[in-house]
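The values are calculated or read from the model by the stated rules, or taken from the named source; none is laboratory data. Because the structure is predicted, anything quoted here is derived from the model rather than measured. Cβ: placed from backbone, ideal geometry, glycine included. Neighbour counts: every protein chain shown.
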Amino acid sequence: MQDQVEKSSRWEQEVLEKTLMANVTEHRRSRRWSIFFKLIILGYVVFLTAIWMGAKGKPALKDHVALIDVVGAIGQGQEVDADQVATSLHRAFNEPKVKGIILRINSPGGTPVQSAYIYDELKRQKTLHPEKKVYAVAVDICASGAYYVAVGADEIYANKSSIIGSIGVLMPGFGFVDTMQKVGVEQRSMSAGKNKLFMDPFSAIKPEQVAFTQALLDDVHSHFINAVKEGRGARLKPNDEVFTGLFWTGDKALEMGLIDGIGSSGFVARKIFGVIDGDKDKEVLVIDYTTSHSLLDRLASRMGSSFGKQITSEMGLQPNTLR
């Protein structure tokens, strides 16, 4: 009996020792892999730095066109954040090797404040760097707030089937007063201040509040109209429907002076470099300056955004093919 107890005790001890040794071995293996990946990242950074400096310590960056994508709804926390676009514009305008900027737009619009923020930053950077031209290129749609952004460019291009325009301001609303009466629901909200329940969907509409809201929308609309008139100037053809919120195809927008030509991002890139070196058929180096939160872009921001993006583009890690 004593022997069985001793054997059992030894067996438990051996199992415990093996378990502990397995944990130690696994911990050591994890540390090795961690060190290995850190060395890989360090080697990659050193490799990029070596390419950047070049054989004689000279920068390897070439003259290029900066591409900034404006894709999706415009608004804080949306696909297009004004702060990120402003950062992209700052980087592109302040890079000496950037010879032109393309805003590739595919957006139905967004908030007027965020759109105006991008427009104002674009105009500010153009004032600081008048030698750099900005070309807006519409893809599928460039409407409302997106067109607000586009008119800040020197020229606007689009596909003949792109949707352009919608120069207006929208404030969605709804009302449930009749429905509440039918189902026997009573409104009991309380407020201090006669307009605190402004345009409440569960209360009867008040004409003075409607008039106030319309005046506010007209004021914001006037900001949009002024930006379009300033950006397009004499190119804008007289038309009573331009500022009504309607939208048109690219070919019709060209007739109305809302855009400057029919063309793609690739066409515009060649146009920019054609002005620089006289060769309109030359292949153009295009580097994506669109601000994002990827690991590669975070590394690039620390090593020089334009340098990092050129290297990743030329290595095929971040292709920027324009057509």
Worksheet item: If you take the residues in region 230-244 that are assigned to a helix (DSSP H, G or I) and surrounded by 15 or more Cβ atoms within 10 Å (Cβ to Cβ), which one is nearest to the chain's Cα centre (by Cα)?
Response: Gly231
Worksheet item: Quick one: how many residues across region 110-122 are crowded, with 17+ Cβ neighbours inside 10 Å, closer than 14 Å to Glu230 by Cα and of a type outside the set (A, V, I, L, M)?
Response: 1
Worksheet item: Give me the pairs: first residue in region 215-232 and on the phi > 0 side of the Ramachandran plot, second residue of a type outside the set (Phe, Trp, Tyr), beta-carbon distance under 9 Å, and six or more apart or on different chains, which are they?
Response: none
Discussion item. Testing Ile262 on (1) out of contact with any Gly (no Cβ under 7 Å at 6 or more places or on another chain); (2) modelled with pLDDT of 95 or more; (3) not polar (S, T, N, Q), one condition comes back false. Which one is that?
Written reply: (1)
Worksheet item: Which residues, counting only those in region 84-103, are buried (at least 21 other Cβ atoms within 10 Å of the Cβ), assigned to a helix (DSSP H, G or I) and among the aliphatic types (A, V, I, L, M)?
Response: Val85, Leu89, Ala92
Discussion item. I need every pair where a residue in region 154-178 that is free of Cβ contacts under 8 Å to residues at least 40 places away in the same chain has its Cβ under 8 Å from the Cβ of a residue that is outside any loop (DSSP other than H, G, I, E, B) and aromatic (Phe, Trp, Tyr), sequence separation at least 6 or different chains.
Written reply: Asp154/Tyr135
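One line per residue, one yes/no per condition, for (1) hydrophobic (A, V, I, L, M, F, W, C); (2) surrounded by 10 or more Cβ atoms within 10 Å (Cβ to Cβ):
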position	(1), (2)
Met190	yes, no
Asp200	no, yes
Lys206	no, yes
Phe212	yes, yes
Asp218	no, yes
Ser222	no, yes
Ile225	yes, yes
Val228	yes, yes
Worksheet, complete the sentence: Residues of region 115-146 being closer than 11 Å to Val70 by Cβ and in a helix (DSSP H, G or I), in sequence order, are Ser115, Ile118, Leu122, Gly145, Ala146
